[in-house]
Amino acid sequence: MDTRVAILILNGLTQAAIFFVLGSGLTLAFGLMRVINLSHGAFYLLGGYIGYSVVHATGNWPLALVAGGLSIALFGFLFERTMLFRVRGGDLPQTLLTIALSMIIADVSLAIWGGHPLTLNVPAYLNPRVTILGITYPGFRYILMGIGVFIALSLWLILYKTKLGAAVRAGVDDRETVSALGVNIDAIYSLVFALSALLVGLAGVLGGSYLQLSPGSDTTILTYSLVIIILGGMGSLLGTIVSSLILGQLLSFGLAYAPQYSYFLIFVPMAIVLAIRPQGLFGTEV
Amino acid sequence: MEKTMLKKLFVLLAVLIAGNTDVRSAEKEVKVGFISAFTGVFSSFGQQQKEGAVLALEEANYTAGGAKISLIYEDDQLDNEQAVTKAKKLVVQDKIEILTGLVSGDEGLSVGDYMKDKNIPVIPMYSASEDMTMRAFYPMIVRATWTGAQSMDVFGYWLSKVKGWKKIYAIGQDYSYPYNQGGGFKRGFFRGGGEEVKTVWHPVGTTSDFSSIIASIPTDQGYNAVLYNGAGGDAVNFVKQYVELGMGQKIPLIGQSNTFEKPDVESMPADIVGALSAHHTADDLATLAWTKFKEAYHKRWSHDPSAASEFAYSSMRLILRGIEMQKGDISDKPALIKAMTQVDMSDDPRGPVALDPKYHSAIENVYIREVAQDGNGQLYNKGLWTVKNVGQFGPYDPELYLKQPSDSGSYPPDTRSAFPPETLKATTEYQYIPFGQ
């Protein structure tokens with residue numbers, strides 16, 4: 001195979017890994033709670049920034065990944081417990097609340113971390129130049145793909161092999177019955193929202209390490225996340241995997257062959273899917 | 001009943017307070033609107049711009065010619081529609097008397113178009129699309145800074161004429177300022193004997209991963225260099241990925257004027273030491289004016305200035321000096337414009353600046369620079385060559401120059417052979433003087 005095409009595919013896979021981590025959190029929260037968290041992009045930015053500060057202070061990248069993820073998980077948990085639960089079921093209040101939160105996060109981040117683009121420094125031991133079959137590619141990107149696969153597997157295990165997962169899946173289908181059966185649905189809501197925040201916090205650190213963080217990336221990331229889950233079908237984990245893979249390759253090849261239209265290109269599958277299958281590739285009808 | 005009474009009382013009180021402040025502010029006040037992109041992919045430029053302007057204002061104690069100068073800052077998030085909305089707000093609601101700021105090319109063009117009939121001086125600081133002081137010029141515009149093509153013509157000519165390069169692969173951000181930089185670069189490069197500048201555009205600030213574009217650069221077709229014609233967050237990403245994919249060893253990377261500007265260059269890998277670019281400032285200028293400015297700037301903001309901060313500092317000083325010459329009374333706008341064009345800018349930190357009386361654009365030095373590393377490991381732009389007195393038309397005849405279409409995504413053409421030869425005819429010759437002489 002042509003080296004160039006191989007690199008393009010690898011780029012697409014790296015991008016897909018980030019897309020998946022981004023989208024899975026959002027889709028999970030939506031599937032169960034019917035909440036479109038419009039501060040998802042801001043969570044990403046904040047997680048990345050926190051990771052940046054940790055790397056900057058300690059030089060320890062794995063620690064930054066954990067710190068970025070956990071701090072956003074905690075933040076999301078507190079947000080759900082103190083505010084979001086009050087507007088449960090109300091589409092408009094939820095939308096307004098999460099938009100407001102995203103603006104607050106964006107402005108506070110601007111005040112703390114400034115407007116300059118920042119990148120998390122990846123230590124050399126995590127980024128060796130790897131040559132496989134004559135194709136040289138940054139090792140860190142293989143790690144990103146690995147993390148993406150690992151997260152997908154963990155999510156699958158949690159959702160399909162644990163009691164918690166069973167409750168979550170049941171909640172997706174019929175919330176009332178689940179709570180009537182004695183499951184504490186409130187606790188599950190908070191837990192799922194925290195998990196969703198954990199994922200996007202991780203995505204922030206991962207994304208911030210191979211791209212860059214700057215004010216404004218929150219809205220770009222939110223756009224991507226929405227496209228991913230709309231294409232895949234809101235609430236579907238498998239859908240998120242498939243749509244991330246599609247969009248990753250589309251973006252990668254689009255950038256190579258028609259860079260001018262690459263941004264526009266990622267909306268094409270979404271438009272087609274919305275026209276013929278509005279619930280998304282793997283979504284169930286709402 | 002009582003409630004309405006209370007309401008009326010409040011209104012009365014409000015009117016009284018408002019009236020009172022009006023009486024108290026009897027001293028002259030000039031309101032200056034400042035629109036820039038403080039967020040978004042060019043936020044670092046917006047921030048630097050504000051810092052430069054504030055430094056000039058603080059040095060003048062926010063007064064000029066006995067008038068108090070007050071600034072109203074607006075963030076347009078690098079969105080042209082937002083920029084026009086903000087301009088409208090500044091004009092209608094705040095009743096500003098001067099508009100400045102403007103960081104990107106598109107921003108300048110759209111705000112400039114809105115301000116056309118407002119009889120309010122527009123002083124663009126960093127917005128460099130040449131049409132603002134060429135095809136879309138009107139007398140209320142004074143741009144004492146630069147156009148996109150100005151530095152790039154000097155750069156392109158030097159690369160082909162002196163270094164003997166023939167082919168360049170250019171990847172750029174898809175909007176007016178890089179078009180203009182690319183246009184200037186092509187004219188200069190072809191005039192000096194270059195043959196091809198293959199050009200690829202990508203959307204601004206949305207393309208997070210450039211590795212696919214980079215992987216598509218042909219390494220076996222004799223390209224002398226890859227020109228990244230973009231800036232801000234995109235440039236940091238692009239350069240990082242260029243190095244990571246091992247392209248640095250295959251084809252050298254060069255930049256447009258802003259690619260390696262501070263502070264962005266400080267987040268780039270040290271592998272790019274030696275990368276060439278051209279601008280109207282260089283970080284190691286040793287003139288008294290630059291040293292003084294750099295020290296004052298560093299003292300105020302605890303980091304180094306960039307071209308964006310210098311341009312803002314210098315434009316704000318121009319505004320202040322213009323108001324000074326009018327003794328603080330700027331009700332006569334054409335007189336203020338006239339005063340501004342006569343302001344002495346020979347003491348400008350980046351080198352002497354003169355204004356073209358016809359198009360109100362700057363005539364100034366261009367520096368060819370390379371990325372270097374200082375003792376602390378920090379990257380900066382080190383001057384190599386100076387060309388003096390470069391105007392916005394470069395070495396070309398203004399009339400012939402204006403006959404060409406505006407630079408765009410598809411003009412000028414990518415090869416010298418597709419270029420009408422008369423458009424590459426120069427009426428003057430650049431003198432490349434070793435930097436610092």
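Look at the range B:304-346 and say how many of its residues are part of a helix (DSSP H, G or I) and without any contact (Cβ under 8 Å) to a residue 12 or more places away in the chain. Walk me through it before giving the result.
Residues of the range B:304-346 that are part of a helix (DSSP H, G or I), as a first pass: B:307-325, B:333-342.
Next, only the ones that are without any contact (Cβ under 8 Å) to a residue 12 or more places away in the chain stay: B:335, B:338.
Qualifying residue count for the region: 2.
Out of the residues in the range B:264-280 that are surrounded by fewer than 22 Cβ atoms within 10 Å (Cβ to Cβ), within 21 Å of the chain's Cα centre (by Cα) and touching a residue at least 60 places away in the same chain (Cβ under 8 Å), which is farthest from the other protein chains (Cβ to nearest Cβ)?
Checking each candidate, the answer is B:Leu276.
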Of the listed residues (B:Asp153, B:Asp131), the one being more than 23 Å from B:Met316 (Cα to Cα) and part of a helix (DSSP H, G or I) is B:Asp153
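Quick one: is B:Val371 hydrophobic (A, V, I, L, M, F, W, C), in contact (Cβ under 8 Å) with a residue 12 or more places away in the chain, farther than 26 Å from B:Ala53 by Cβ and assigned by TED's automatic domain parsing to the domain that holds B:Lys425? Even if it seems obvious, please write down each step before you answer.
Numbers: hydrophobic (A, V, I, L, M, F, W, C): yes; in contact (Cβ under 8 Å) with a residue 12 or more places away in the chain: yes; farther than 26 Å from B:Ala53 by Cβ: yes; assigned by TED's automatic domain parsing to the domain that holds B:Lys425: yes.
Yes, satisfied.
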Do we have B:Glu422 as without any contact (Cβ under 8 Å) to a residue 24 or more places away in the chain and either more than 22 Å from B:Leu355 (Cβ to Cβ) or in a loop (DSSP other than H, G, I, E, B) (or both) here?
yes
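Could you say whether any residue in the range B:191-200 is more than 14 Å from every other protein chain (Cβ to nearest Cβ), over 16 Å from B:Ile35 (Cβ atoms), among the charged types (D, E, K, R) and crowded, with 21+ Cβ neighbours inside 10 Å? Lay out the reasoning, then the answer.
As a first pass, look at the range B:191-200 and keep what is more than 14 Å from every other protein chain (Cβ to nearest Cβ): B:191-197.
Now drop any that are not over 16 Å from B:Ile35 (Cβ atoms), which leaves B:191-197.
Those still in the list that are among the charged types (D, E, K, R) too: B:191, B:195-196.
If we keep only those that are crowded, with 21+ Cβ neighbours inside 10 Å as well, we get B:191, B:196.
Yes, the range B:191-200 contains a residue that is more than 14 Å from every other protein chain (Cβ to nearest Cβ), over 16 Å from B:Ile35 (Cβ atoms), among the charged types (D, E, K, R) and crowded, with 21+ Cβ neighbours inside 10 Å.
From the residues in the range B:239-257 that are more than 9 Å from chain A (Cβ to nearest Cβ) and aliphatic (A, V, I, L, M), which one is nearest to the chain's Cα centre (by Cα)? If you could, list the steps in order and put the result at the bottom.
Residues of the range B:239-257 more than 9 Å from chain A (Cβ to nearest Cβ): B:239, B:242-243, B:247-257.
Add one more test, that the residue is aliphatic (A, V, I, L, M), and what stays is B:239, B:243, B:247, B:251, B:253-254.
On the way: B:Val239: 21, B:Val243: 27, B:Met247: 29, B:Ile251: 28, B:Leu253: 22, B:Ile254: 19 Å.
Filtering the range B:239-257 for residues that are more than 9 Å from chain A (Cβ to nearest Cβ) and aliphatic (A, V, I, L, M), the one nearest to the chain's Cα centre (by Cα) comes out as B:Ile254.
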Counting only residues in the range B:17-53 that are in a loop (DSSP other than H, G, I, E, B) and either within 14 Å of chain A (Cβ to nearest Cβ) or modelled with pLDDT of 85 or more (or both), the one surrounded by the fewest Cβ atoms within 10 Å (Cβ to Cβ) is identified as B:Lys28
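Is one or more of the residues making up the range A:263-279 within 19 Å of A:Ala29 (Cβ to Cβ) and either away from every other protein chain (no Cβ under 12 Å) or among the polar types (S, T, N, Q) (or both)?
yes
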Quiz item: Somewhere in the range B:218-225, is a residue out of contact with any Pro (no Cβ under 7 Å at 6 or more places or on another chain) and among the hydrophobic types (A, V, I, L, M, F, W, C)?
Solution: no
B:Phe260 passes all but one of the listed conditions (1) free of Cβ contacts under 8 Å to residues at least 24 places away in the same chain; (2) more than 9 Å from chain A (Cβ to nearest Cβ); the exception is number (1)
Q: Kindly establish whether A:Ser24 is surrounded by fewer than 24 Cβ atoms within 10 Å (Cβ to Cβ) and either in a helix (DSSP H, G or I) or more than 13 Å from the chain's Cα centre (by Cα) (or both).
A: no
- Taking the condition under 23 Å from A:Ile266 (Cβ atoms) and either outside any helix (DSSP H, G or I) or touching a His at 6+ places or on another chain (Cβ under 9 Å) (or both), does A:Ala29 pass? yes
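With the requirement that a residue be of a type outside the set (A, V, I, L, M, F, W, C) and facing chain B (nearest Cβ under 8 Å), what does the range A:218-253 give you?
Narrowing the range A:218-253 to residues of a type outside the set (A, V, I, L, M, F, W, C): A:218-220, A:223-225, A:232-233, A:235-236, A:239-240, A:243-244, A:248-249, A:252.
Selection gives A:Thr220, A:Ser252.
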Of the residues in the range B:91-112, those that are in contact with a helix residue (DSSP H, G or I) (Cβ under 8 Å, 6 or more places away or on another chain) and part of a helix (DSSP H, G or I) come to B:Val91, B:Gly105, B:Asp106, B:Glu107, B:Gly108, B:Leu109, B:Ser110, B:Val111, B:Gly112
Taking the condition exposed (fewer than 15 other Cβ atoms within 10 Å of the Cβ) and over 29 Å from B:Pro269 (Cα atoms), does A:Ala167 pass?
no
Restricting the range A:70-119 to residues that are more than 14 Å from chain B (Cβ to nearest Cβ) and polar (S, T, N, Q), the one farthest from the chain's Cα centre (by Cα) turns out to be A:Thr82
Legend entry - Residue in the range B:98-107 that is of a type in the set (A, V, I, L, M), crowded, with 24+ Cβ neighbours inside 10 Å and in contact with an Asp or Glu (Cβ under 7 Å, 6 or more places away or on another chain) present: no
Of (1) within 13 Å of chain A (Cβ to nearest Cβ); (2) surrounded by fewer than 23 Cβ atoms within 10 Å (Cβ to Cβ), B:Gly222 satisfies every one except (1)
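The values are calculated or read from the model by the stated rules, or taken from the named source; none is laboratory data. Just so you know, these numbers come straight off a predicted model, no measurement behind them. Virtual Cβ from ideal backbone geometry, glycine too; neighbours counted across all protein chains shown.
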